[in-house]
Amino acid sequence: MTDQTHKRDRLEQITRKWWFFLLFVLLWFVIPPYASKGYSFPEEWQDVAFHVLGKAVVYSYPQLYPIFKIIPILLIVSILICCNKVARLFNIYVAISYVIFALGQSISVTEKYGVAICTINLVMFLAVAALWVWEAFAVQNDFTPGKRPIWKYWVVPLALLAFWYPTNVQTGKPDFDPIYIFTSPAGVAFCLMTPVYVGLLTLYYPKVNIVTLRVTSLVGLSIGIANMFTNFLMKPSTNWWNGVLHIPLLVISLYGLIISLRRPHAAKQISEETQSARD
């Protein structure tokens, strides 16, 4: 057994332990947001977090949106055509994306709080980015074409809906203008790109990096649950459509997490056979 295989198997075991999931949940309650101007703790904890997410620095640069829509489109098309020849490049881009989500969506600079950071999101997104960096070196995702049951493609329309994000950003209401496929802020948003990345991995499961799939899905599921609470329970009159567009994050992440916990021995065997063939 190679050192890389040992580390992979060890991580796979750790990320399915009950205490790993307990620790994950506890982190959401013990890591408060930061604000350079201070705030009343814990009374304003939630307000600071919402403030950061609504005024994140990434939304100050809409001119960059098309770049982060065109690149993933080209990479996914390249995967369909060139398969594993672009696997490492795809993994690198996804890792960079999660760093951008971490720094761009978790930080704001405003008059009210100064430099404010949604710390838990920053930590979680960077953890996901680190796993994709690992995958960029390990290249366990095998994008070789193969037969798969037609039902597995249910993730595609939902992932496309999230990527499209057909919303008028001024009013927050539905707007199905096709131009948003290339101009919406989805390309720089964790909630909207995670369904795309996780959805793609589910299509090639189990010949994927199980740990990366599992943790990405777990973080996606937690953010998805938080969005359901915010959009449908706290602000349903103004945010209901945003909530609808976050359903792909919730359901695809849940699906990705479930399948990542199934049949570990079969998945491991297929992964090892794939690695042997590459070696």
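Scan segment 124-145 and report the pairs whose first residue is over 16 Å from T15 (Cα atoms) and whose second residue is among the aliphatic types (A, V, I, L, M) and not in a helix (DSSP H, G or I), with Cβ atoms within less than 6 Å and a gap of 6+ or a chain change.
N141/V208
Residues that are within 18 Å of W240 (Cα to Cα): find the helices (runs of 4 or more DSSP H) completely inside segment 180-230 holding 3 or more of those. Step through it out loud before you land on a result.
Details: elements: 180-183, 190-204, 210-228.
Here the list reads 210-228.
So that you can scan it fast, the table gives a plain yes or no per residue for (1) closer than 18 Å to V219 by Cβ; (2) crowded, with 19+ Cβ neighbours inside 10 Å; (3) modelled with pLDDT under 90:
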residue	(1), (2), (3)
F20	yes, no, no
V25	yes, no, no
D47	no, no, no
H51	no, yes, no
I67	no, no, no
I70	no, no, no
I76	no, no, no
F90	no, yes, no
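List, please: which pairs have Cβ atoms under 6 Å, are six or more places apart or on different chains, and start with a residue in segment 62-82 that is farther than 15 Å from I179 by Cβ and free of Cβ contacts under 8 Å to residues at least 40 places away in the same chain and end with one that is of a type in the set (F, W, Y) and in a helix (DSSP H, G or I)?
L75/F90; L75/Y93
Counting just the residues of segment 101-114 that are aliphatic (A, V, I, L, M) and in a helix (DSSP H, G or I), which one comes out surrounded by the fewest Cβ atoms within 10 Å (Cβ to Cβ)?
Selected residue: L103.
Could you pull out every one of the helices (runs of 4 or more DSSP H) wholly within segment 1-90 that has 1 or more residues that are of a type in the set (K, R) and over 22 Å from the mean Cα position of the chain (by Cα)? Spell out how you get there, then give the answer.
Numbers: elements: 3-14, 18-30, 45-54, 67-82.
Helices (runs of 4 or more DSSP H) meeting the threshold: 3-14.
Being touching a Leu at 6+ places or on another chain (Cβ under 8 Å), in a helix (DSSP H, G or I) and surrounded by fewer than 21 Cβ atoms within 10 Å (Cβ to Cβ) is the requirement here; does Y98 meet it?
Working: touching a Leu at 6+ places or on another chain (Cβ under 8 Å): yes; in a helix (DSSP H, G or I): yes; surrounded by fewer than 21 Cβ atoms within 10 Å (Cβ to Cβ): no.
Criteria not met by Y98.
Report, by residue number, each residue of segment 115-151 that is exposed (fewer than 14 other Cβ atoms within 10 Å of the Cβ) and outside any loop (DSSP other than H, G, I, E, B). Can you show your working first?
Step one: list which residues in segment 115-151 are exposed (fewer than 14 other Cβ atoms within 10 Å of the Cβ), which gives 137, 144-151.
Across segment 115-151, the qualifying residues are F137, I150, W151.
Considering only residues that are part of a helix (DSSP H, G or I) and modelled with pLDDT under 90, look in segment 234-247 and name the one that is nearest to P195 (Cα to Cα). Full working, then the answer.
Initially, segment 234-247 is screened for residues part of a helix (DSSP H, G or I), giving 234, 236-244, 247.
Within this subset, residues satisfying the condition of being modelled with pLDDT under 90 are 234, 236-239.
Details: M234: 23, P236: 22, S237: 25, T238: 23, N239: 20 Å.
Looking at the filtered set, the residue picked out is N239.
Looking only at segment 1-9, decide whether some residue is at pLDDT 90 or above, in contact with a Lys or Arg (Cβ under 8 Å, 6 or more places away or on another chain) and surrounded by 11 or more Cβ atoms within 10 Å (Cβ to Cβ). Quick ask: steps written out before the conclusion?
Our first condition is that a residue be at pLDDT 90 or above; within segment 1-9, this holds for none.
No, segment 1-9 contains no residue that is at pLDDT 90 or above, in contact with a Lys or Arg (Cβ under 8 Å, 6 or more places away or on another chain) and surrounded by 11 or more Cβ atoms within 10 Å (Cβ to Cβ).
The values are calculated or read from the model by the stated rules, or taken from the named source; none is laboratory data. From a predicted model like this one, the values you see are computed outputs, not experimental measurements. Here the Cβ is made from the backbone with ideal geometry for all residues, glycine too, and neighbour counts use every protein chain on show.
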